[in-house]
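First comes the structure, then the notes that go with it.
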Amino acid sequence: MSQQQMNNNTSSSNIPVSERYWTLVDKADKKFSKIRDLPYYERNRYDTYFYKVFKVYTQLWKFQQENRQKLVEAGLKRWEIGEIASRIGQLYYGQYMRTSEASYLSEAYIFYEAILTREYFREGSFQDFNLANKQLRFLARFLMVCLVLNRREMVHQLVNQLKMLVDECKRTFQDTDFKEWKLVVQEIVRFLKADTAFMNIRPLRYSLVLDPHPDVLPHVAAPVARKNLRLRDAVLSSYHHNEVKFSELTLDTFRMLQCLEWEPSGSFYPSAGGKSGQNGALASSPINHSQDIADPTLPPNPRKAVLYRPSLTHFIAVLATICEELPPDGVLLVYLSASGTTGHTLSLSGSGTGINTAENITRDFQSHTIHSDGTSTSSMSSPSNSPNPSASQKKGDCISYHTGCLQFGNRGSGGLNCIYPSDLIPFTRRPLFIIIESDASEVFKAISGAEKGERAALLLSPNCSFPIGSSDASRHSVGSLFTIFLTAPLQAFCLLLGISGSDIEMVRKKSTTFSFYLFGILTARKIPGHI
């Protein structure tokens, strides 16, 4: 060891433990504040920042474990330990959102569960308003992790605790308005009512327990001289009035996020849980825990960007960033759920053959202008608008202009937040899998044939809505029926027929198989001709 290193070690040992600890806390806080608001979708650009903040929080957590007794004697409070653990949980959850690696999600669960069981925030929370708010925020974050991880028993436990805590805070801090937290409670109750009554008889995610391994499934031969493509990224977004949501996760995007996961989920898998170290400190074991819940032979999860009510410019920016980072063999899935306007079609027809769809949508993309009424028209919509009508329309041509769009904003905002088919055309230079759930989905047929480099796969919802059997079920109470069919087709079909979750539970208690019950229902009821 050099003389300089020995001097550094000697000088550091002379500094009180509490001072070294608070120096580490201050350093960790500064680094955390730098990454707090960084977007999840710009993954590669900020890897170094996340590595640094993880490193300093690892040092901080280890330091407080090794010096717990001295720090407590110096005035360290339990809620301060809980706040560090909560920050680490936030970091792990953020890394899951950036990478979709389930091991990060399970680590977030371990830290949050340790905070809950050790009640780090409970002591003094009803005497200190700020501490009560910390506990409320912790419960809301833990709820989100449990929802995504499909830990339903813990979700219901946390909801009950959140309700009781909000009620207690209202009684204790009478001069403070807890309206926002009451809305949070209402959101999660409404979310669970819509999602757990019937949809979670089995997980939406792939299940090692319930599903066959991908290797045993029949393989489709790849076309000759075509590259093998894999789903690498997904953009999930919905925008409906009064839609079911919790925080910034709507019911439809939640279901899509779940069904795009390979990793196992929830109570179907053993929980390694948090392990206690000295002085009640949390000692997580990420490697063993990951091995407990995951099959290493499964493909990696596609990375997902979940956008809650984005503006058009924000949506386009995210789409462009992800396309830029997409690997050469990658496919990008774009899921959009929103109300729409079908608009109108202007046509100039003659007796000759028509101009193909690709030319129509390309001309529309190049020349349409946005008006205050939220519709798009083309400057070439009539011969009089063109300086040279013969150049834009030959005799016998048939030109149609689609003005339909998805509304990602208030209708009164005009076309500022409308997504048109032409907005997606530039991104078809990369392989896209596009899912449109809207009453104006048909206008996006124009993308097919107008691609700029790669063929795009399209899944479009029906334009007409089918009545749901249950009297209290609706688009706003259960989410999109089209999305339910994509994520849980059997449950969706039963929902369409009016079979409720309570009916199935009753039948299962009578030891009657679900398939036999379903067969009886299908043979006794009149089935619609198509869905």
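The values are calculated or read from the model by the stated rules, or taken from the named source; none is laboratory data. Owing to the predicted nature of the structure, the values given are computational and were not obtained by experimental measurement. All Cβ positions, even for glycine, are placed from backbone atoms using ideal geometry, and neighbour counts span all protein chains on display. In case anyone asks, the SASA skips ligands and DNA or RNA and just uses the protein heavy atoms, side chains included. Shrake-Rupley method; radii C 1.70, N 1.55, O 1.52, S 1.80 Å.
Amide H to amide H under 5 Å from TYR206: which residues, 5+ apart in sequence or cross-chain, H placed 1.01 Å off N in plane?
HN-HN under 5 Å from TYR206: GLU261.
If amide H atoms are built 1.01 Å from N in the plane of the peptide, which residues on other chains or at least 5 residues away come under 5 Å of the amide H of SER100?
LYS304
Which pairs in the list LYS52/LYS77; LYS245/LYS452; LYS52/LYS304; LYS179/LYS245 are over 29 Å apart, alpha-carbon to alpha-carbon?
Working: LYS52/LYS77 26 Å; LYS245/LYS452 36 Å; LYS52/LYS304 23 Å; LYS179/LYS245 17 Å.
Cα-Cα > 29 Å for LYS245/LYS452; rest within.
With every protein chain kept in the model, how would you rank VAL216, VAL17 by accessible area, 1.4 Å probe, largest at the top?
Details: VAL216 105, VAL17 30 Å².
Ranked from most to least accessible, the order is VAL216, VAL17.
Give the shape of segment 17-197 as rounded, prolate or oblate, defined through the alpha-carbon gyration tensor: a ≥ b ≥ c are the square roots of its eigenvalues, a/c under 1.5 means rounded, and otherwise the shape is prolate if a/b is larger than b/c and oblate if not. Walk me through the numbers before you get to the answer.
Numbers: a/c = 1.90, a/b = 1.18, b/c = 1.62.
In terms of gyration-tensor shape, oblate.
At a probe radius of 1.4 Å, what is the per-residue accessible area of LEU333, in Å² to the nearest 10?
Spelled out: LEU333, probe radius 1.4 Å, area about 10 Å².
Mind giving me the nanometre distance, one decimal, between the label points for VAL216 and GLU248, set 7 Å out from Cα along Cα→Cβ?
Reported label-point gap for VAL216 and GLU248 is 4.1 nm.
Output wanted: per-residue J couplings in Hz (rounded whole) for segment 168-183, from phi through Karplus 6.51 cos²θ - 1.76 cosθ + 1.60, θ = phi - 60°, x for Gly and Pro.
Couplings: 5, 5, 5, 6, 6, 9, 5, 7, 9, 8, 9, 4, 5, 6, 5, 5 Hz.
If the chain between LEU38 and LYS163 were fully stretched, how many nm would it gain, using 0.36 nm times the residue separation less the Cα-Cα distance? Provide the component values of the computation, followed by the final result.
Working: separation 125, 0.36 × 125 = 45.00 nm, distance 3.11 nm.
Once the chain is fully extended between LEU38 and LYS163, it gains 41.9 nm.
Enumerate the calculated ³J(HN,Hα) couplings along segment 319-327 in order (Karplus 6.51 cos²θ - 1.76 cosθ + 1.60, θ = phi - 60°), each rounded to whole Hz, writing x wherever the residue is Gly or Pro.
4, 5, 5, 5, 4, 5, 8, 5, x
Full extension from ARG202 to LEU490: what is 0.36 nm times the residue separation minus their Cα-Cα distance, to one decimal in nm?
102.6 nm
Amide H of GLY340 versus every other amide H placed in the peptide plane: which residues, excluding those fewer than 5 positions away on the same chain, fall under 5 Å?
GLN407, ASP439, ALA440
So what are the ³J(HN,Hα) numbers for segment 59-73, from phi and the Karplus equation (6.51, -1.76, 1.60; θ = phi - 60°), rounded to whole Hz, Gly and Pro as x?
For segment 59-73, the Karplus-derived couplings read 4, 5, 5, 5, 5, 6, 5, 6, 10, 4, 4, 5, 5, 5, 5 Hz, x marking Gly and Pro.
GLU187 to LYS27: FRET efficiency via 1/(1 + (r/R0)^6), r the Cβ-Cβ distance, R0 41 Å, to the nearest 0.05? Before the final figure, lay out each step's value.
Working: r = 36 Å, r/R0 = 0.87.
For R0 = 41 Å, the calculated efficiency reads 0.70.
Between ARG230 and THR297, what is the label-to-label distance in nm when each label sits 7 Å out along the Cα-to-Cβ direction?
1.6
Taking 7 Å along the Cα-to-C-beta vector as the label spot, tell me the LYS452-TYR46 distance in nanometres, rounded to one decimal.
That separation, rounded to one decimal, is 2.6 nm.
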